[in-house]
Structure formats: C-alpha cells, structure tokens
Amino acid sequence: MTWLDSTVHRAMIEAALVGVLGGVVGVFVIARRLPFFTMALTHGTFPGIVVAALLGVDLYLGGGVFGLLVVLAVVVFSRARGQDFTAATGIALSGGFALGVVLVSAQDGFSKDLTAYTVGDVLAVSTSDLVITAVVAVVVLVVMAALGKELLLVAFDREGAAAVGLPTAVLDFALLAIIEVTVVATVPALGAILTVALLVGPAATARLITDRLALLFPIAAAVGVSCALAGVWVSTQWNIAAGASIALFCGSAFGAAFVASVVRGRLRSTVDVPVAVTVPEEAPA
Amino acid sequence: MTQQQDRTAALVLEQASVAYGHVPVLEELHGTVRSGEAVALIGPNGAGKSTLIKAILGLVPTVRGRIEVLGVTPAQARRDVAYVPQADTLDPDFPVSVEQVVMMGRYRKIGWLRRPSAADRALAAEALERVGLSDRAKNRFGTLSGGQRQRVLLARAIAAQPRLLLLDEPFNGVDAVSQHALLEAIALLKQQGAAVVVSTHDLAIAHLACDEVCLLNRHQFGFGPTDEVLTPERLRATYGGHALELRGDRVIVTQT
Ligand SMILES: Nc1ncnc2c1ncn2[C@@H]1O[C@H](COP(=O)(O)OP(=O)(O)OP(=O)(O)O)[C@@H](O)[C@H]1O
Ligand SMILES: [Mg+2]
C-alpha cells in the first residue's frame, strides 16, 4: 500500500497539477481574451470523445486529437478576411459539437461514459491519469517558458510581430494547442463544462491583484492550486461533487478579489483628490 | 561608416504596385530614400499610406515593379527595419509594462529560446531614456497617455537599432511635449544614419522633420525634396481639389 493508493491523495495531486496548469495557461487566456474559445473548446472535443468510444480507444486521447483539429480549423478560419477568433471559434466549435451529436444519435449506449466526461470526477483519477497530467503540465510549462517572449509579442501586437518576421499563425496555433491540451488534461477532474472555471478564474483573479506580468503567473498558479485543493477537501468532507466545488472556489476567489479591488480603488481615489490638482504649464490664450 | 555608405539607398520604389488580393491599392510608385534621410508620406484618408508601410515591411505583396529595402527584398530586410504602429491600435488593458514593451524591440536580435542579456537591457533602458520616459519604466503600458505610449513604441523601435524606421501617423492626437520628444528622437536616429519613413496628415511636420515628401492618393502625386513637392498645386491634385490655405511657409489642408 503506497501513499498514492489513497483516492484522496491522488485527487489532491491531480487537483494541484491542474490548478497550476489552469492558472498559468489562464494568464494568456485572459490576456488574449480567449475565455469563449476555452469554453467552446470543451464542446468542440465532443466528436472526438464519441469516435474514441466507438473505436474503443481512450476517450481523452480521442478528445485531444480532435481538439487539435478544431484548433487548426480556428486558426485557418480566423485568417480569412474580416474574421477573428471569436467568429471562427463559434463556427468551428458549434460544428464540432453538432457532429458529435449526430454521431451519438446514430448509436446507443454512450450515456455512462459521456456523463463522466461532462461532469468529471477528480476522486476517480487513476495513477496513470496522474502521470498523464504531470507530463502535460511539464510539457506545457516548458513550451510556455521557451516561447514566452514570442507568445507575448504576438498577443500584444500581432502586426508588430509579423513585421519582425515572427510566424504569427504558427504561434497562434501553439497557444491554442497549449490551451487545448490543458483543457483535455483538466476534463477528467472537472468535467467538460466546469474545466473553463480553472482556466479563467485564477488568472482573472490574479489580474485583479496585479498588473505585472511576471507576478501574474505565480499568483494565478497559487490561486488555481488553492481553489483546486480546497474544492477536493470540501468535497471529501461533505461528499459533494469535487468539480463543482472547485469551480465555486474559483468563482468565490474572483468575487473576493473583485470586492477587494473596488474597496482599494475607492480608498485610493479618496486619497488622490488633493494630489490631483495640477497647474497648467501655459495659460490658455 | 564612410560618407559613401551614408548615402546608400535605404528604400527604392521602382514602378511598384501594391494590392490586397485582387484589389489594387497603390500603383506605379517610384522614388528613393537614402540613409540618414526622412520621407513624409502625405495623402488623404484611404490614400494608401499604411498600405505602403506594410508593403515595405513585406506584409502586403508588391504585385508589379519592385520594392527594395536596404538592398534586398522587404522580407529579407526585416532584421534591420523597425515599425512603429499607432499606439491606439494596441490593447490598453494588456498586462505589460513600459520596459517590457521596449524590450520587445530586442526580441528579433535576441532570437528564439534566449532571454534578454544585460546588453539588451542596457539598450532598452537607453532607448527609453531617449524618449524621456525612463521614470515610467515600471508602469503598465496602458496607464500612459496616448502621446506617451507613442513615445514608448518609438523607444521600442530605437532599441531594435534599425537602419530603416517606419512610423504610421505617430503624431495623431499627440501634444506638443510628446511631439517634440518624438521629433528629437527621430532626428537623432537620422543623424546616426537611419532612413525614416513617416506617414502624417501634418504638413508642418513634413517641413520640419523630413527631407523628402511622397504625395500619395492611390497614385503618386510627387516624390522629391520637401520644398519642391509640397506646392499648393500638387497638394490640391493629391487631395482631389479640397480647399487649401497657405499661411506663411505652412500649408494647411482644410478637409471637408
Ligand atoms: N486589409 C485590407 N484589405 C483590402 N483592402 C484594404 C485593406 N486595408 C486597407 N485597404 C484599402 O486600401 C486603401 C488604402 O488604405 P490605407 O489604410 O493604406 O490608407 P491610409 O492612407 O493609411 O489612410 P488613413 O489616413 O485613413 O490611415 C483603402 O481604400 C482601403 O479600403
Ligand atoms: Mg493609415
């Protein structure tokens, strides 16, 4: 009997891993305004899940591979004139989900697998699931560190990035693929619907706390880990759904940071009033 | 650098036509800008000023004729070309500090998978100093005023140590202080041998800062020394007969 044989221990590690991953990747999700893409991605991987179930291969492998195709479609569509990620996302991902529904309606007997997919269960993760999440976390963090400055430039100023010769489409694909892989790795724990909470909540919370990019990553990761662990703990104490309690903690963290920032803003503006008097350099003619 | 090299052509337009897909935007442009010289691109809205800048960057294709940048094609020259976009095209909420924006000018020379060195940091700090914003280095980019952001973007271009600098309407909505800082920094780059292309609606600035003018409105209405090209007749032709006023040595286009 090893330490990892305990369901709760495995759940804690899984939660910590997806917490870090969601927090760090989420910084780019927020900065590039991609929460909608992230939300929709969970639906877009659906046909992959169905096909994987039909073929009897791993559901998350199926979802992951299909998700990459969807990401490719989004990058290609968004390069058409007058389009951006939002429109391309809507089309590629609703199309993907529809395909999944068509495949499901043509078959019977998926309901059990599919429920696990939509709701998730962090207390059900196996040791091999843990290994996969850990590998994904390491790969994603290494790639983000390696491409950090290029991803930053494309996110901030894509025309400027193109002007210095960076391959903007390849970098877009890299970022969306990072998000996709993170989504797929998080789904077993939180489920397809709630995964977005961990990719948006902690980073959005960090954004309320600091403006500094270098601090956003550690703060978002810390918030992500805290929410994920707190969610698992609450769910084991009171036997409630772990994914939902993690998502609720993410929402609460954001709410608390929001209230704190409003209060702080109020205080600051009261203090600023006497300082804000400026003397014009020249009298108007 | 010898006098000979100083006078080499940094930008050559040879009957160049530029198009987005099948839509021709600019036709038959012809002219030369030498190192150490500045050219003003002047023309009404929709004339194709931004398009020409993008063509010089190799982002929009030249369909006929030729654009030569620093002796090679636009795509090959990118290493030595810096582009200053309009500050208001960038997301003011983006969590990036002023010094990080300036450091972006070094990315191309730093290369993939590497981090900025002490030398890169020194160059970025020096560039920020040149536009007079060293004290704002740690602030978030979006918290600066429009004119200050424009200066930060110029600092980013300076940090890239370009031999050709392209600026798209850098003076729009910029106050006198920022305009002065921008003009000073541009003048210093010219002195150091860089060629400058700047699009503007402000004819006074063309007089002040530029050796040459390119009058544009889908076609070229003149390309040459500022005093020769900025005549009321040519301006009227470029702006399609909109009213023009002459006040002293200043030409003012009243847009109607
Ligand atoms: N991406 C594009 N695809 C197709 N046509 C374009 C595109 N961008 C610009 N154009 C067209 O090219 C013409 C020139 O536009 P451009 O932006 O170069 O003008 P400009 O001189 O910079 O104008 P402004 O003073 O308003 O900035 C316009 O008529 C516009 O319709
Ligand atoms: Mg323009």
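The values are calculated or read from the model by the stated rules, or taken from the named source; none is laboratory data. Since the model is a prediction, treat every value here as computed from it, not as a measurement. Counting neighbours? That spans all protein chains shown, and the Cβs are built from the backbone with ideal geometry, glycine included.
A few points about this structure:
- Within the range B:75-90, the set of residues being away from ligand 2 (no atom under 13 Å from the Cβ) and part of a helix (DSSP H, G or I) comprises B:A75, B:Q76, B:A77, B:R78, B:R79, B:D80, B:A87.
- Failed criterion for A:A146 (all others in (1) facing chain B (nearest Cβ under 9 Å); (2) among the aliphatic types (A, V, I, L, M); (3) under 17 Å from A:A31 (Cα atoms) hold): (3)
- Selection within the range B:40-51 - more than 14 Å from chain A (Cβ to nearest Cβ) and either under 19 Å from B:R78 (Cα atoms) or within 11 Å of ligand 2 (Cβ to nearest atom) (or both): B:L41, B:G43, B:P44, B:N45, B:G46, B:A47, B:G48, B:K49
- Considering the range B:101-114, the residues that are outside any helix (DSSP H, G or I) and more than 8 Å from chain A (Cβ to nearest Cβ) include one that is surrounded by the fewest Cβ atoms within 10 Å (Cβ to Cβ), namely B:G111.
- Residue that is nearest to B:E37 (Cα to Cα), among those in the range B:207-237 that are surrounded by 17 or more Cβ atoms within 10 Å (Cβ to Cβ) and of a type in the set (D, E): B:D211
- Taken residue by residue, the range B:72-81 has no member that is farther than 18 Å from A:R212 by Cα, crowded, with 23+ Cβ neighbours inside 10 Å, within 8 Å of chain A (Cβ to nearest Cβ) and within 16 Å of ligand 1 (Cβ to nearest atom).
- Complete set of residues in the range B:91-100 that are assigned to a loop (DSSP other than H, G, I, E, B) and at the interface with another protein chain (Cβ under 8 Å from one of its Cβ atoms): B:D91, B:F94, B:P95, B:V96
- Residue within the range B:8-21 that is more than 14 Å from chain A (Cβ to nearest Cβ), within 16 Å of ligand 2 (Cβ to nearest atom) and at pLDDT 95 or above present: yes
- Qualifying residue in the range A:177-194 (condition: within 14 Å of chain B (Cβ to nearest Cβ) and surrounded by fewer than 24 Cβ atoms within 10 Å (Cβ to Cβ)): no
- Filtered residues of the range B:101-115 (kept if without any contact (Cβ under 8 Å) to a residue 24 or more places away in the chain, touching a Leu at 6+ places or on another chain (Cβ under 9 Å) and under 20 Å from A:A214 (Cβ atoms)): B:Y107, B:L113
- Put simply, of B:P170, B:P85 the only residue that is touching an Asp or Glu at 6+ places or on another chain (Cβ under 7 Å), within 16 Å of ligand 1 (Cβ to nearest atom), within 24 Å of B:L52 (Cα to Cα) and in contact (Cβ under 8 Å) with a residue 60 or more places away in the chain is B:P85.
- Options B:V33, B:V39: the member that is in a strand (DSSP E or B), touching an Asp or Glu at 6+ places or on another chain (Cβ under 6 Å), closer than 19 Å to B:R163 by Cβ and in contact (Cβ under 8 Å) with a residue 12 or more places away in the chain: B:V39
- Only one entry of B:A187, B:A204, B:A160, B:A194 meets the criterion of being within 27 Å of B:R108 (Cβ to Cβ), over 13 Å from the mean Cα position of the chain (by Cα) and either surrounded by 22 or more Cβ atoms within 10 Å (Cβ to Cβ) or among the small types (G, A, S) (or both), and that entry is B:A160.
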